[in-house]
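Undergrad: This is the structure I want to talk about, given as structure tokens.
What follows draws every value from the coordinates through simple rules; no lab data is involved. Computed from a predicted structure; not experimentally measured. Positions of Cβ are generated from backbone atoms using ideal geometry, with glycine treated the same way; all protein chains shown enter the neighbour counts.
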Amino acid sequence: MNSARSVAPGDAAAAAWMPIFGAWLIAAASTLGALFFGEVMQLPPCVLCWYQRIFMFPLVLILPLGLFPLDPRVVRYGLALALPGGLVATFHLLLVAGVVPESIKPCTQGVPCSETVIEWFGFLTIPLLSAVAFSTIIALLVAAHLRSRK
Amino acid sequence: MKQKTLFVIAALLLLLGFIVAALLYNVEKEEQAGQFAAANNAALVRMHSPSLGPAEASVVIVEFLDPACETCAAFYPLVKQIMAANPGRIRLVLRYAPFHKGSDQVVAALEAARKQGKYWQALEMLLARQNDWVQNHAAQVARIWPLLEAAGLDLQKLRSDMAAPEIAGVIEQDLLDAQTLKVTKTPEYFVNGKPLPRFGIEPLKQLIDEALAASRR
């Protein structure tokens, strides 16, 4: 998302509302998506997926606390979850791509993380969706931070 | 405030989308499962399977059962109740899915009991007293003998019959058919060839009621 160089009219801090709301939208959609894969389609999540869930699900509850009333400091708490989540998602992507060698793969029992369960349009996998979601959330939260400082 | 409205609408839309998607997915999956079972109907009923109830019954329940499975033991009396409530209209066919460790030996004992004409007595005794011989999800075959003796079986004959190759063949065929029908959990029920949409006694009752209603028409 375009980081906010344009200053919104009125209260500078208020300009942070939209990006935080956007980040919440993505977190909520990702959470529901993960629940759909897990609970509706009954695909068992692999270990790395669980870690990404751990970082994604709380965002759905924490970000709205910074929206009502608007508290731009929620960016700090949000990033504390989104950054590690993004790291796990990146690691997962590298694992699926085969960049990370098999030997340091953390999950050998149960559902292997390198297994591709879903591939939409030939490229869209669950780890890719997760990585895109986390990086967009990070970008939006950083944008909110920059806007609120103006 | 406008922002609150926006937030609430977005939250509701997301939830609604989730619910609609889940419903659509389940409907489609149910349909696929039905078609799959219909396509593999040949694997559902074999001549060798023990059955209870009249051959001309309009509703046939095929149950994949593991005698060592707790839920199977819990469901068995419920199915019997449904059958008792509709006398002469339901036939129960048992297929074996001995997924628990040691359970295949228990199935062999049941099949041997069938040769003595005491199959259902043996099965009901073993299911009712399952706690006596299933430990940590493994069947302790040594503990079924006193129960079978109490059910009136000739143990000596039973043990020699158990080793019959046709019994091993029955178990093998049933496991193969379970695999073909994608039965991975027990008990699994097919009512007139239709699988349960969801697991549970209510979906089973509903499926049986539907089949009974369809046969009345």
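Undergrad: Ordered by residue, what ³J(HN,Hα) values in Hz, to whole numbers, does the range B:111-123 give under the Karplus form 6.51 cos²θ - 1.76 cosθ + 1.60, where θ = phi - 60° and Gly and Pro are x?
TA: 5, 5, 5, 4, 5, 9, x, 10, 4, 5, 4, 5, 4
Undergrad: Right, another one. Please list, in order along the range B:45-59, the HN-Hα scalar couplings obtained from phi with the Karplus expression 6.51 cos²θ - 1.76 cosθ + 1.60 (θ = phi - 60°), rounded to whole Hz, x for Gly and Pro.
TA: 10, 10, 5, 6, 6, x, 9, 10, x, x, 5, 8, 4, 7, 10
Undergrad: Right, something else. Using a Förster radius of 30 Å, what is the FRET efficiency between A:L35 and B:A128 based on their Cβ-Cβ separation? Nearest 0.05, please.
TA: So the FRET efficiency works out to roughly 0.15.
Undergrad: Nearest 10 degrees is fine. How inclined is helix B:2-39 to the longest principal axis of chain B, computing both from alpha carbons?
TA: 30
Undergrad: In the protein assembly as shown, what is the count of Lys pairs whose alpha carbons are under 23 Å apart, counting only pairs at least 8 residues apart or on separate chains?
TA: Lysine pairs meeting the criterion: 18.
Undergrad: By how many nm would the segment from B:L24 to B:R143 grow when fully extended, if each residue of separation counts as 0.36 nm and the alpha-carbon distance is taken off?
TA: 38.0 nm
Undergrad: Right, another one. For B:N40 paired with B:K2, estimate the spin-label separation in nm (one decimal), with each label point 7 Å from Cα along the Cα-to-Cβ line.
TA: About 5.7 nm, to one decimal.
Undergrad: Continuing with the same structure: Please state, rounded to one decimal and in Å, the Kirkwood hydrodynamic radius that the protein assembly as shown gives when every pair of distinct Cα atoms enters the mean of 1/r.
TA: Hydrodynamic radius (Kirkwood, Cα only) of the protein assembly as shown equals 24.9 Å.
Undergrad: Only counting other Cβ atoms within 10 Å, I'd like B:R159, B:R216, B:R89 sorted with the fewest neighbours first.
TA: In increasing order of surrounding Cβ atoms, one gets B:R216, B:R159, B:R89.
Undergrad: Could you tell me which GluC sites (Glu not before Pro) in the range B:8-58 are loop residues by DSSP with no more than 14 other beta carbons within 10 angstrom of their beta carbon?
TA: B:E56
Undergrad: With θ set to phi - 60°, apply the Karplus curve 6.51 cos²θ - 1.76 cosθ + 1.60 along the range B:71-88 and write out the HN-Hα couplings as whole Hz, x wherever there is a Gly or Pro.
TA: Computed from phi, the couplings for the range B:71-88 are 5, 4, 5, 6, 7, 4, x, 5, 5, 4, 4, 4, 5, 5, 6, 10, x, x Hz.
Undergrad: Sticking with this structure for a sec: May I ask you to sort A:W24, B:W120, A:W120 by Cβ crowding, counting other Cβ atoms within 10 Å and putting the fewest first?
TA: The most exposed by this proxy come first: A:W120, B:W120, A:W24.
Undergrad: B:Y96's amide H: which non-local residues (gap 5+, or another chain) put their own amide H closer than 5 Å, with H modeled 1.01 Å from N in plane and none for Pro or chain starts?
TA: Under 5 Å from the amide H of B:Y96: B:L65.
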